[in-house]
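Chemist: This is the structure I have questions about; it appears just below.
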Amino acid sequence: GEYKSEKEAVFTISEFEKWFAIFVVEVYHQRYHTALKKSPIKQFELGIFGTEERPGVGLPPKIIEETRVQLDFMPYEERTVQTYGVVIDEIHYYEEDILRRFINARDPQYPTRKQQFIFKRDPRNISVVHFFDPEVREYFPIPYRNTSHPAISLWELRAVRKQLEREGKEEINEDLIFEAYGRMRAEEESAIARTKHARRL
């Protein structure tokens, strides 16, 4: 709407994540909850340790693989693996040692079709996707095929695509995306410099 995000923003995404974690753990969980009639942390403790009327469930197992837990909650795409790797949103990803044996693989249940594989990505940084190897049931990082490209977020990618569409570009490809991203970043830095200069006057 009319809200000026760039003008009003005070946090980066990383700063907001830290702020939000502090709020949830140190404020929300400690505060009285009208539906629970107690604080969420107290409700959690009752569930873990139990009460006189109901036994607790005990402490859950400690999370050993934090990255695996994060990946389990990330959005994913399904793609076949080609000789050039995999393409998601016009961006190529490739890691020969990991993907080589899955190139043009056939679906075990439908041999006439190519097998689709799961690729997960963190929307905050799409310079790497995580390939789920169905044989060993583990995730492996797959970087940009062109590692000279800068890391960008999914939201930045969407903004770049909208800019290219406004410019009338019909066939959007990886080179156009990163060329436009460079132009947009340069313009942002120039605007920041002009704003700082104006504030000094």
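The values are calculated or read from the model by the stated rules, or taken from the named source; none is laboratory data. Values in this document were obtained by computation on a predicted structure and should not be read as measured data. FYI the Cβ positions are ideal-geometry reconstructions off the backbone, even for glycines, and counts take in every protein chain you see. For accessibility, only protein heavy atoms count, side chains too; no ligands or nucleic acids. Shrake-Rupley method; radii C 1.70, N 1.55, O 1.52, S 1.80 Å.
Chemist: How about segment 28-71: which of its residues are over 26 Å from the mean Cα position of the chain (by Cα), outside any loop (DSSP other than H, G, I, E, B) and of a type in the set (A, V, I, L, M, F, W, C)?
Modeler: Correct list: Ile41, Phe44, Leu46, Ile48, Phe49.
Chemist: If you take the residues in segment 30-47 that are touching a residue at least 12 places away in the same chain (Cβ under 8 Å) and within 19 Å of Lys62 (Cβ to Cβ), which one is surrounded by the most Cβ atoms within 10 Å (Cβ to Cβ)? Reasoning before the result, please.
Modeler: Taking segment 30-47 as the starting set, the residues that turn out to be touching a residue at least 12 places away in the same chain (Cβ under 8 Å) are 40-41, 44.
Filter again for within 19 Å of Lys62 (Cβ to Cβ), leaving 41, 44.
Numbers: Ile41: 15, Phe44: 11.
Within segment 30-47, the match that is surrounded by the most Cβ atoms within 10 Å (Cβ to Cβ) is Ile41.
Chemist: What's the number of the only condition in (1) open to solvent by 40 Å² or more (accessible area, probe 1.4 Å); (2) assigned to a loop (DSSP other than H, G, I, E, B); (3) not small (Gly, Ala, Ser) that Met74 fails to meet?
Modeler: Among (1) open to solvent by 40 Å² or more (accessible area, probe 1.4 Å); (2) assigned to a loop (DSSP other than H, G, I, E, B); (3) not small (Gly, Ala, Ser), the lone unmet condition for Met74 is (1).
Chemist: Checking Glu96 against (1) among the charged types (D, E, K, R); (2) touching a helix residue (DSSP H, G or I) at 6+ places or on another chain (Cβ under 9 Å); (3) loosely packed, with under 12 Cβ neighbours inside 10 Å: exactly one of these is not met. Which one?
Modeler: If we test Glu96 against (1) among the charged types (D, E, K, R); (2) touching a helix residue (DSSP H, G or I) at 6+ places or on another chain (Cβ under 9 Å); (3) loosely packed, with under 12 Cβ neighbours inside 10 Å, just (2) comes out false.
Chemist: Could you say whether any residue in segment 83-95 is part of a loop (DSSP other than H, G, I, E, B) and either of a type in the set (Lys, Arg) or without any contact (Cβ under 8 Å) to a residue 12 or more places away in the chain (or both)?
Modeler: So far as segment 83-95 goes, no, none of its residues is part of a loop (DSSP other than H, G, I, E, B) and either of a type in the set (Lys, Arg) or without any contact (Cβ under 8 Å) to a residue 12 or more places away in the chain (or both).
Chemist: Right, next: Just one of the numbered conditions (1) under 18 Å from Thr12 (Cβ atoms); (2) open to solvent by 20 Å² or more (accessible area, probe 1.4 Å) is not true of Thr147; which one?
Modeler: (1)
Chemist: Further question: Among what's in segment 152-186 and is open to solvent by 60 Å² or more (accessible area, probe 1.4 Å) and not in a helix (DSSP H, G or I), pick the residue that is farthest from Leu71 (Cα to Cα).
Modeler: Glu167
Chemist: While we're looking at this one, here's another question. In this structure, does Glu90 turn out to be on the phi < 0 side of the Ramachandran plot and either more than 16 Å from the chain's Cα centre (by Cα) or modelled with pLDDT of 95 or more (or both)? Lay out the reasoning, then the answer.
Modeler: Values: on the phi < 0 side of the Ramachandran plot: no; either more than 16 Å from the chain's Cα centre (by Cα) or modelled with pLDDT of 95 or more (or both): yes.
The answer is no for Glu90.
Chemist: Enumerate the pairs (first residue in segment 167-186 and over 13 Å from Pro150 (Cβ atoms); second residue anywhere and hydroxyl-bearing (Ser, Thr, Tyr) and in a loop (DSSP other than H, G, I, E, B)) with beta-carbon separation below 7 Å, excluding pairs fewer than 6 apart on the same chain, so at least 6 apart or on different chains.
Modeler: Filtered contacts from segment 167-186: no entries.
Chemist: Turning to a different aspect of this structure: Evaluate segment 126-144: report whether one residue or more is free of Cβ contacts under 8 Å to residues at least 12 places away in the same chain and hydrophobic (A, V, I, L, M, F, W, C).
Modeler: Checked against the condition, which is being free of Cβ contacts under 8 Å to residues at least 12 places away in the same chain and hydrophobic (A, V, I, L, M, F, W, C), segment 126-144 yields at least one hit.
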